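Visitor: Okay, handing you the structure first.
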Amino acid sequence: MPVFVKVGLFVMLLICSYQDFKYRAISWLFLVMLSGISFIHSFLTSGLPHTAINVLQNSLFTLLQMLLVTMYYSVRRGEIVFIVNNYIGVGDILFLLAISPLFDLPLFIVFNIVTVGLALIIYGLKTESEGGKKFEVPFAGILSVCLIVILTASWLSVSFAGRTLEELTGLNHLISGLTGNSMY
């Protein structure tokens with residue numbers, strides 16, 4: 001993997017997280033660049049067929065997720081509710097699509113669950129600390145930070161007492177079990 005691809009992906013994620021935390025918005029130009037560098041990263045590590053499958057599966061999962069959340073809020077309110085720009089921003093959805101080449105579907109689902117959980121915890125803590133005042137969650141920013149941590153650990157092959165992060169957390173078994181690959 002060329003260093004410029006890793007650095008480019010890292011820089012794009014940093015920029016996206018900074019913009020989302022500071023402005024609660026991400027420039028479409030950086031989302032396009034993130035999408036391109038994610039595709040290149042996946043292509044260089046997994047090849048075109050695997051990258052295309054990742055993009056298709058993860059995009060369909062994201063679409064299904066948005067549809068289910070829309071249905072939930074619509075049933076709850078008794079009328080059709082459009083969640084985009086009311087509950088989740090377009091930039092958050094585009095960010096999920098931009099990083100879709102980087103994950104196999106099972107890992108994308110796990111990443112999604114963990115980061116949504118983290119975002120809800122942050123929202124709850126901040127809402128509680130500010131006396132119930134509601135605010136916008138920088139969801140794409142949280143996703144970016146989590147992805148930076150994961151990629152950095154992966155690239156540096158972080159090890160503790162001779163064991164990798166994946167071995168210590170059991171992720172190597174989880175990932176190979178979910179994907180059927182023995183990548184780890």
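Visitor: Just one of (1) touching a Cys at 6+ places or on another chain (Cβ under 9 Å); (2) touching a residue at least 60 places away in the same chain (Cβ under 8 Å) trips up F10, so point out which.
Guide: Single failed check for F10: (1).
Visitor: I've got another one for you. Got a number for residues in the stretch 87-111 being closer than 14 Å to I26 by Cβ and surrounded by fewer than 20 Cβ atoms within 10 Å (Cβ to Cβ)?
Guide: Result for the stretch 87-111: 5.
Visitor: Run down G141, G117 and say which single residue is in contact with a helix residue (DSSP H, G or I) (Cβ under 8 Å, 6 or more places away or on another chain) and either modelled with pLDDT of 90 or more or basic (K, R) (or both).
Guide: So the residue among G141, G117 that is in contact with a helix residue (DSSP H, G or I) (Cβ under 8 Å, 6 or more places away or on another chain) and either modelled with pLDDT of 90 or more or basic (K, R) (or both) is G141.
Visitor: Restricting to the stretch 6-29, count the residues that are outside any loop (DSSP other than H, G, I, E, B), surrounded by fewer than 21 Cβ atoms within 10 Å (Cβ to Cβ) and among the hydrophobic types (A, V, I, L, M, F, W, C).
Guide: Number of matching residues: 8.
Visitor: Could you run through the stretch 11-49 and say how many residues are of a type in the set (S, T, Y) and over 19 Å from I150 (Cβ atoms)?
Guide: The qualifying residues number 2.
Visitor: Condition (residue is surrounded by 13 or more Cβ atoms within 10 Å (Cβ to Cβ), in contact (Cβ under 8 Å) with a residue 24 or more places away in the chain and within 18 Å of the chain's Cα centre (by Cα)) applied to the stretch 68-86: is it met by at least one residue?
Guide: No, the stretch 68-86 contains no residue that is surrounded by 13 or more Cβ atoms within 10 Å (Cβ to Cβ), in contact (Cβ under 8 Å) with a residue 24 or more places away in the chain and within 18 Å of the chain's Cα centre (by Cα).
Visitor: Quick one: is S38 buried (at least 19 other Cβ atoms within 10 Å of the Cβ) and either over 17 Å from P101 (Cα atoms) or among the basic types (K, R) (or both)?
Guide: no
Visitor: Same structure, new question: If I filter the stretch 79-88 for residues that are under 23 Å from L14 (Cα atoms) and hydrophobic (A, V, I, L, M, F, W, C), do I get at least one hit?
Guide: For the stretch 79-88, residues under 23 Å from L14 (Cα atoms) and hydrophobic (A, V, I, L, M, F, W, C): present.
Visitor: Does S129 satisfy being out of contact with any Pro (no Cβ under 7 Å at 6 or more places or on another chain), surrounded by 13 or more Cβ atoms within 10 Å (Cβ to Cβ) and among the polar types (S, T, N, Q)?
Guide: no
Visitor: Related question: Tell me which residues, restricted to the stretch 41-67, are more than 18 Å from L102 (Cα to Cα) and either free of Cβ contacts under 8 Å to residues at least 24 places away in the same chain or exposed (fewer than 13 other Cβ atoms within 10 Å of the Cβ) (or both).
Guide: Selection gives L64, L67.
The values are calculated or read from the model by the stated rules, or taken from the named source; none is laboratory data. Please read these numbers as outputs of a predicted model, since none were measured by experiment. Quick reminder, even Gly has a Cβ in these numbers, built from the backbone with ideal geometry, and neighbours come from all protein chains shown.
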